[in-house]
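The values are calculated or read from the model by the stated rules, or taken from the named source; none is laboratory data. All values reported here derive from a predicted model rather than from experimental measurement. Reconstructed Cβ throughout: ideal geometry from the backbone, glycine too, with neighbour counts over all protein chains shown. Ligands, DNA and RNA are excluded from the accessible area calculation, which covers all protein heavy atoms including side chains. Shrake-Rupley method; radii C 1.70, N 1.55, O 1.52, S 1.80 Å.
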Amino acid sequence: MVKKVTSGRVSRGLVAVTAFASIAGLVSPVVAFAAPGGQEASETKAVQSAESSQEDKVRAAAVLGIVAGDDLLILNDRNFVFALWRKATGSEVRASAELALGGADAECTQWIKTGIHEAKKRDDANELRDTETARIARELKQSAAAVVGFVATPDELVRSYRDFVYLVYQKSKPDTKVRAGALAAFGEDEAAQVEFLRNGVLTAQKQDQQDEIDRNNEASEAEKARLAARDAKARAMGQVLGVVATEGILGLSDDNFIREVWNRAKPGTEVAAAAVEALRSPEPAVWKAFIDTGIYQADARDKELELKKQAEADRRRALEIQTKAEKSLVHPGLVYAAKTALAGSDSDVSRFVRIGQYQWLGQSLQSDTVGVRGWYVRNGADGPARIDPGNPVPGPGVGADANWQVLPGKADPNCHTFEVTGRPGVYLRQDNLRVVVAPGDGSEKFLADATWCSRTGLHGAGVSLESFSARGRFLRHINGELFAADRSGANWFDNPSWYEADASWRVHGLNPVTTALSLRWLNDDPIRARIGDPVTEEQVDGDVRWRGYQRGRLYWTKEAGAKEIEGYILESYLKLGGHQSNEYGVPVTDETGTPDGVGRFNHFLRGGSIYWTPSTGAHPVYGAIKQLWKSMDWERSYLGYPTGDPVYSPGLVRQVFQGGRIDHNPDTGATTAYRH
């Protein structure tokens, strides 16, 4: 140890896509990340935060000038968002609330924590971002409702897609294809529910209407044609314009019906233009074709343009999130998730913007001081914060006490607040310069104490976190404890020794696990330079643990500790059976240079060794032959280095060296060296 421890509409989730992410940085070998340049490479899962705290709800309500009483604070997050949506007047606040209500519960939670505050800023700046997206989602539900024949209320239109599909099920007639389709979509994922609202309900309604016409045996063919034309108008008015057609509208002649469509269509849309084009023709067949198919083709063109514009807006938003996350220095997971989404489809980007960005706020803070790299800031209990390597034996729940939700700063949104994952309202704060884990009390002092501002690590790498309420002081570990410290020497924890390293951190993912192998790799810079970055996961075989790196391996047992083996010696070792071989077992030394500076060797737990030189290659030596060679002072004797592996014949084991040979008789135990 170098230092002693003294320191459809794709937008807004209409298609659900699962995102995976990896994160860059110098990481502990069991933490799940991927890094450029061959560093740590494995997967990590995003974790959603728990429900919001009462403090979050109080702050959210205050945005609207509301003092949150018990009637609001007892609500779950979804109902709380719904209550504020009803009271809000700003278009962006209302729209963002609608989008949260239309999505998963986690979206409602995040809206309370950050979304309402960001939306209020957009309202104040008259900057529209969510309004158009919310309109598209709302009109989709309106259209589906109109096809079925009911007018959805504003409260119904902000329901999630799943809940709205169930509403369609309730409103539709029994024993119809619409009802059956709604029930089937209700049990599927969001993408299927959206597809049902966009297209499925229209197809099912059309078939239901045709079935009803066909069952009317008494109607003449002319009457059936009239009913079919009437139903076609009802579907067109509902699906495209979101209007439940009155009897007066349904009784219009085809040309007058098209005029009604033109009057109701948004100016400048393809639907409006197609209606005008149809009206220019004197042919009834052209009018009928517009009602039956042309209006839908025009609507599809309008929707395609809407989707294109929304996709472009989503990509701009995702890029903004990525850029902000990069500048923050504390969101490597979010950076990677944004890059992954942007490299994918419009659906991937939409999913990331809508909810994915909030699923990658979980991070951990690893010390970047040589000697205690692999130690993490822990949140397991309220009180003085600490760092330690945690439980080095991977298992369920290991590393969870190092998980933090990195949120916009409570006192300054350009800074950061570290909330305990799964414990809303419990934060990392400085209290009289000691850093503690504590529940928030909502006071301005607490909000300032729980805010940390990031900058490039004081020792030139990673990130350093300056206290918002004690400027000039940074989050520092010393003796396993945490303080808001400077290097002035004013307090014992302001000791300037190792200050820059102690106040610099590496940000990693959730549930970090630090093993003996990872501690060796992280804290031994020469070893890390020799063997490179991990290329395999850590493996376990009974009491033995090992991991592959670019140019070698690390092995660990309780008896031997973590030892390194590489190159040609590793290649020979694996051919001999590796740690499972009877003569070798795990290495008990790192690969080490011989005294003459020519060769290199590893010794192993079960007595064998492997020696290598550039001219002789790598060869094992063990048992009685090794003992005699050792007694002759190894390679410094006239024998020099082994030039071949031991060769077996009846009653004889022979190994040839540069200057001679050693013969061993296993029957008599006689072992003799001979000079060439």
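Condition (residue is open to solvent by 20 Å² or more (accessible area, probe 1.4 Å) and among the hydroxyl-bearing types (Ser, Thr, Tyr)) applied to the stretch 606-613: is it met by at least one residue? There is no residue in the stretch 606-613 that is open to solvent by 20 Å² or more (accessible area, probe 1.4 Å) and among the hydroxyl-bearing types (Ser, Thr, Tyr). Of the set (1) farther than 21 Å from PHE352 by Cβ; (2) open to solvent by less than 20 Å² (accessible area, probe 1.4 Å), all apply to GLY102 but (1).
The condition (being open to solvent by 10 Å² or more (accessible area, probe 1.4 Å), at pLDDT below 95 and either more than 18 Å from the chain's Cα centre (by Cα) or not acidic (Asp, Glu) (or both)) is satisfied by just one residue among GLY395, GLY356: GLY395.
Total residues in the stretch 112-135 satisfying the condition of being within 30 Å of the chain's Cα centre (by Cα), among the aliphatic types (A, V, I, L, M) and at pLDDT 90 or above: the figure is 4. Considering LEU329, LEU361, the condition of being within 19 Å of VAL406 (Cα to Cα), modelled with pLDDT under 95, open to solvent by 10 Å² or more (accessible area, probe 1.4 Å) and in contact with a strand residue (DSSP E or B) (Cβ under 6 Å, 6 or more places away or on another chain) is satisfied by LEU361 alone. Of the residues making up the stretch 374-409, those that are farther than 15 Å from ARG476 by Cβ and in contact with a Lys or Arg (Cβ under 8 Å, 6 or more places away or on another chain) are ARG378, ASN379, ASP388, GLY390, ASP401, ALA402, LEU407. In the stretch 647-666, is there at least one residue being of a type in the set (Val, Ile, Thr) and open to solvent by 70 Å² or more (accessible area, probe 1.4 Å)? Checked against the condition, which is being of a type in the set (Val, Ile, Thr) and open to solvent by 70 Å² or more (accessible area, probe 1.4 Å), the stretch 647-666 yields at least one hit. Looking across the stretch 572-603, the residues that are among the charged types (D, E, K, R) and either open to solvent by less than 20 Å² (accessible area, probe 1.4 Å) or closer than 19 Å to VAL544 by Cα (or both) come down to LYS575, GLU583, ASP590, GLU591. Considering every residue within the stretch 581-591, establish whether at least one is touching a strand residue (DSSP E or B) at 6+ places or on another chain (Cβ under 6 Å) and farther than 26 Å from ARG520 by Cα. The answer is no; no qualifying residue exists. Checking each residue in the stretch 372-385 for being surrounded by fewer than 20 Cβ atoms within 10 Å (Cβ to Cβ) and more than 12 Å from ASN403 (Cα to Cα) picks out ALA381, ASP382, GLY383, PRO384. Restricted to the stretch 171-194, and to residues there that are open to solvent by 80 Å² or more (accessible area, probe 1.4 Å) and under 37 Å from the mean Cα position of the chain (by Cα), the residue that is nearest to ALA236 (Cα to Cα) is LEU183. When PHE483 is tested against (1) farther than 30 Å from PRO384 by Cβ; (2) in contact with a Phe, Trp or Tyr (Cβ under 6 Å, 6 or more places away or on another chain), only condition (1) is not met. Scanning the stretch 513-540 for residues being surrounded by 15 or more Cβ atoms within 10 Å (Cβ to Cβ), part of a helix (DSSP H, G or I) and among the hydrophobic types (A, V, I, L, M, F, W, C) gives a total of 7. Among the residues of the stretch 411-426, are any in contact with a Phe, Trp or Tyr (Cβ under 6 Å, 6 or more places away or on another chain), open to solvent by 30 Å² or more (accessible area, probe 1.4 Å), among the small types (Gly, Ala, Ser) and not in a strand (DSSP E or B)? Taking every residue of the stretch 411-426 in turn, at least one turns out to be in contact with a Phe, Trp or Tyr (Cβ under 6 Å, 6 or more places away or on another chain), open to solvent by 30 Å² or more (accessible area, probe 1.4 Å), among the small types (Gly, Ala, Ser) and not in a strand (DSSP E or B). Within the stretch 437-466, the residues that satisfy the criterion of being small (Gly, Ala, Ser), in contact with a strand residue (DSSP E or B) (Cβ under 7 Å, 6 or more places away or on another chain) and under 22 Å from LYS113 (Cα atoms) are ALA438, GLY440, ALA450, SER454.
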